[in-house]
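The values are calculated or read from the model by the stated rules, or taken from the named source; none is laboratory data. As the structure is a prediction and not an experimental result, all values here were calculated from the model. Positions of Cβ are generated from backbone atoms using ideal geometry, with glycine treated the same way; all protein chains shown enter the neighbour counts. Please note that ligands, DNA and RNA were not included when accessible areas were found on the heavy atoms of the full protein model with its side chains. Shrake-Rupley method; radii C 1.70, N 1.55, O 1.52, S 1.80 Å.
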Amino acid sequence: YYAAFLLAGLNLAVLAGWTMDWLLNRLAAWRTWASRLALGLAVLYLGWLGWQMAVLHPYEYTYYNSLAGGLRGAAARFETDYWGVAVSAAARRLPAALLADGWPAGQTARVAVAGANDFSVRYYLPDWIEYTPDSQEADVFIGGMRGFGMNQFDGRVIFSIDRLGVSFAMVKRPEK
């Protein structure tokens, strides 16, 4: 199954390379400067894509092309962090962030999860942070923006996991 996708991707890369080679040769036969310009534009474009991948890391799969409005334009209409990887990163960062936010050391905190699989959060929580399915009991909310899950929770944002101006996951403290 995965080998078929890998082979299809490899075939597309080879096809793109052949097409670029053909185009540059045709342009060079017509005008040398045209082939150099096309090559320069291709290098700039690939550099721009490389920069985007570096900025998105480790969420490269959230890339949307300019036709979709880029990541920022697509975030309101399409799924971004559909694997919920940012929620796991937020869960790993949660203990230190809670303590820095003034949570008393050694006191148990209860966390509710929205817009993500609660297992992706519970796996990374230390013993003093407990999962609760009841948002009314929660001392902290954590979740992804998937399905705009965090919009259901009111509270003060402690931190969020963002890339290119788009939030992938967020942690909030309810106003009590």
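Gain on full extension, evaluated as 0.36 nm per residue between Ala100 and Ala3 minus their Cα-Cα distance, stands at 30.3 nm. Each distinct pair of alpha carbons in the range 1-76 adds a 1/r term; the inverse of their mean, the Kirkwood radius, is 14.8 Å. Here the contact order of the chain, divided by its residue count and restricted to Cα pairs under 8 Å and six or more residues apart, works out to 18 percent. The stretch between Tyr61 and Leu37, if pulled fully straight at 0.36 nm per residue, gains 5.6 nm over its current Cα-Cα span.
Counting only Cα atoms, I'd like the Rg/Rh figure for the chain, Kirkwood definition for Rh. Radius of gyration relative to Kirkwood radius: 1.17. In terms of overall dimensions, the range 66-147 has a Cα radius of gyration and Dmax of 14.7, 50 angstrom.
For Thr62, Thr19, write out the residues from largest to smallest accessible area, computed with a 1.4 angstrom probe and no ligands counted.
Result of the area sort, largest leading: Thr19, Thr62.
Amide H contacts for Ala114 (H built 1.01 Å from N in the peptide plane; partners 5 or more residues away or on another chain; cut-off under 5 Å): Ile142, Gly143, Gly144. In the range 5-44, the inverse of the mean reciprocal separation of distinct Cα atoms equals 10.9 Å; this is its Kirkwood hydrodynamic radius.
Would you calculate a helix-derived [θ] at 222 nm for the chain, using -39,500 (n - 2.57) for each DSSP H run of n ≥ 4 and dividing by the full residue count, to the nearest 500?
When only DSSP H runs of four or more count, the value is -15500 deg cm²/dmol.
Sites listed here are GluC sites (Glu not before Pro) in the range 72-176 whose DSSP assignment is loop and whose Cβ has at most 15 other Cβ atoms within 10 Å: Glu79, Glu137, Glu175. The slack in the chain from Tyr45 to Val157, taken as 0.36 nm per residue of separation less the alpha-carbon distance, amounts to 36.7 nm.
Mean Kyte-Doolittle of at least 0.5 and a Cα length of 24 Å or more along the axis: which whole DSSP H helices of the chain meet both? The qualifying helices are 2-30, 32-56.
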